[in-house]
Amino acid sequence: MAELIFRTGTMDAGKSTLALQTNHNHAARGRRGRLFTSHDRAGTAMVSSRLGLVADAEEVAPDFDFWRYTVDALTQGARIDYLICDEAQFYTAAQIDQLAKVVDELQIDVFCFGILTDFRTRLFPGSARLVELADRTEVLQVEALCWCGKRATHNARTENGVMVTEGEVIVVGDVEDAGHPPAAADDADIEVAYEVLCRQHHRRGMTAARARAVSLSPEPLPFT
């Protein structure tokens, strides 16, 4: 029986790497699939891993219809055994319903990969619908770590180095790293970056940069 599987984790947990590995494993056994993504950090219509792996994919815009796409492809003689859906948190709830229909009515496996919550600690609509509908929801075993060494559970957004909890939900960027330049927001003067934090330090707004600054200050750590 086909399944709708949702594999989730924070940023930097290896979701896109696993998506590409899953595609490779199935293709190596003679199965044929299609890759999908939305707002990948590397650009449009591609799945990219921080390890340097890249593959072409179909870009999922808000009006994309998975059911119609799949039925049209099958009608034209294509063979589809599975779908790999990366960055599934950005899909609409209606698109997740379409994926569930592809599984149930066409017996095609669907593997979704995405983040559960945004930088405000609120569920993405696509992820929420996947939790509701998926046959299985699996948390990735590769744990991203907060700067303090604890398991990272939350995604933080910084603007010009300061953590923020309000703003546009979708601003594409990468986890903060010296090798990745910050993303540009609509305001050219704002540099956007992301960082994974444990719940405690997300609550305090204590990013790695702020922790370093505080450690050099005579002022005690804030307990707010």
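Whenever a residue of region 54-66 is open to solvent by less than 80 Å² (accessible area, probe 1.4 Å), its partners that are part of a strand (DSSP E or B) and charged (D, E, K, R), lying with C-beta atoms within less than 9 angstrom and at least six residues away or across chains, give the pairs A57/R34; E58/R34; F64/E58. Number of residues in region 1-45 that are open to solvent by 50 Å² or more (accessible area, probe 1.4 Å), assigned to a loop (DSSP other than H, G, I, E, B) and either at pLDDT 95 or above or among the polar types (S, T, N, Q) (or both) equals 5. Against the condition of a type outside the set (S, T, N, Q), over 19 Å from the mean Cα position of the chain (by Cα) and farther than 19 Å from M1 by Cβ, how does D118 come out, does it pass? No, not satisfied. A Cβ distance below 9 Å, combined with a sequence gap of six or more or placement on separate chains, defines the contacts here; from region 1-25, residues that are over 20 Å from H154 (Cα atoms) reach residues that are open to solvent by 30 Å² or more (accessible area, probe 1.4 Å) and part of a helix (DSSP H, G or I) in the pairs A2/D104; A2/L106; L4/D104; L4/L133.
The values are calculated or read from the model by the stated rules, or taken from the named source; none is laboratory data. From a predicted model like this one, the values you see are computed outputs, not experimental measurements. Reconstructed Cβ throughout: ideal geometry from the backbone, glycine too, with neighbour counts over all protein chains shown. Accessible surface is based on the protein model in full, side chains and every heavy atom, while ligands, DNA and RNA are left aside. Shrake-Rupley method; radii C 1.70, N 1.55, O 1.52, S 1.80 Å.
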